[in-house]
Each structure stands twice: as C-alpha cells, then as structure tokens.
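Asks: My structure is below; once you've seen it, I'll send some questions.
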Amino acid sequence: QVQVVESGGGSVQSGGSLRLSCAASGSGIITYRMGWYRQAPGKQRELVARIFSTGITNYVDSVKGRYTISRDIAKNTVYLQMNSLKPEDTAVYYCNAYKFGGDYWGQGTQVTVSS
C-alpha cells in the first residue's frame with residue numbers, strides 16, 4: 001500500500017511554469033506506475049503524464065513538449081514540471097500510484113493559469 005501527497009500547485013500567468021511534487025510513503029514508487037491526472041471544472045478527469053516502473057514515460061498530446069514527468073527514487077517522489085502554461089491547463093492535478101491490486105490517489109493540488 002502507498003500514500004501519495006501532492007504539492008506545488010498555485011496561480012501563474014500564461015507562459016509561466018510550475019513544478020508539482022508527489023511524495024509517496026508506505027511503499028517504493030519504483031514498483032508502481034506513477035501518473036499525473038487533472039480535472040477541470042465540468043470535465044472528466046484525464047491522464048496528463050505517467051512514468052512506468054521501467055522509467056518509460058508518456059504524455060497526453062496537449063502537454064507534449066511542455067510538461068515533463070520525472071521521479072527521484074531515493075526520495076520516493078514524482079515530479080511534474082510544467083512549462084509554457086496555458087489557461088486551459090487550469091485544473092486540479094492529482095497524483096496516482098497504480099499496480100495490480102492497488103490504485104491510490106492523492107487529494108489533488110490546484111493549478112490556475114490566468115491569461
């Protein structure tokens with residue numbers, strides 16, 4: 001079992017950057033597929049980026065080239081570096097840890113991008 005806690009959200013202007021952190025406890029993230037999801041008001045939660053236990057990453061098309069997911073195994077933390085932010089990136093961002101038999105979510109962190 002793992003617990004995940006997000007931090008690093010905030011308000012920025014269009015074109016700005018933020019780095020989100022997802023600190024995990026209870027189990028090593030190396031054994032999980034770690035992902036960042038987001039949910040904007042009135043919309044469904046969507047996958048933004050994920051990193052597999054192998055280190056392979058993938059991204060939703062709308063953030064490719066702007067977002068980077070990474071992990072620090074020693075710190076048991078996953079990051080989401082978000083650059084060139086746009087108003088449409090505004091959402092609550094959630095960290096997820098998944099492996100067979102376990103699916104864990106954080107409480108979310110708000111990201112607001114103003115034009």
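The values are calculated or read from the model by the stated rules, or taken from the named source; none is laboratory data. All figures in this text were calculated on a predicted structure; none of them were measured in a lab. Cβ coordinates were reconstructed from backbone atoms using ideal geometry, including for glycine residues, and neighbour counts include every protein chain displayed. Side chains are part of the model used for accessible areas, which takes the heavy atoms of the whole protein and leaves out ligands, DNA and RNA. Shrake-Rupley method; radii C 1.70, N 1.55, O 1.52, S 1.80 Å.
Asks: Is there any pair linking a residue in the range 11-35 that is farther than 15 Å from Phe52 by Cα to one that is open to solvent by 30 Å² or more (accessible area, probe 1.4 Å) and among the β-branched types (Val, Ile, Thr), with Cβ under 6 Å and at least six apart or on different chains, and which?
Replies: Ser11/Thr112; Ala23/Val5
Asks: Being of a type in the set (Gly, Ala, Ser) and touching a residue at least 40 places away in the same chain (Cβ under 8 Å) is the filter here; which residues of the range 69-105 pass it?
Replies: Ser84, Ala91, Ala97, Gly102
Asks: Within the range 61-68, does at least one residue satisfy the condition of being touching a residue at least 24 places away in the same chain (Cβ under 8 Å) and closer than 19 Å to Asp103 by Cβ?
Replies: There is no residue in the range 61-68 that is touching a residue at least 24 places away in the same chain (Cβ under 8 Å) and closer than 19 Å to Asp103 by Cβ.
Residues are listed down the side, and each one gets a yes or a no for (1) modelled with pLDDT under 95; (2) part of a loop (DSSP other than H, G, I, E, B); (3) open to solvent by 60 Å² or more (accessible area, probe 1.4 Å); (4) closer than 20 Å to Gln110 by Cα:
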site	(1), (2), (3), (4)
Ser27	yes, yes, no, no
Gly35	no, no, no, yes
Arg38	no, no, no, yes
Pro41	yes, yes, yes, yes
Gln44	no, yes, yes, yes
Asn58	no, no, no, no
Ile69	no, no, no, yes
Ser84	no, yes, yes, yes
Glu88	no, no, yes, yes
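Asks: Counting only residues that are assigned to a loop (DSSP other than H, G, I, E, B), open to solvent by 60 Å² or more (accessible area, probe 1.4 Å) and not aromatic (Phe, Trp, Tyr), how many does the range 90-108 have?
Replies: Our first condition is that a residue be assigned to a loop (DSSP other than H, G, I, E, B); within the range 90-108, this holds for 90, 100-101, 106-108.
Of the ones still in play, those that are also open to solvent by 60 Å² or more (accessible area, probe 1.4 Å) are 100-101, 107.
Then drop every residue that is not not aromatic (Phe, Trp, Tyr), which leaves 101, 107.
So the answer is 2.
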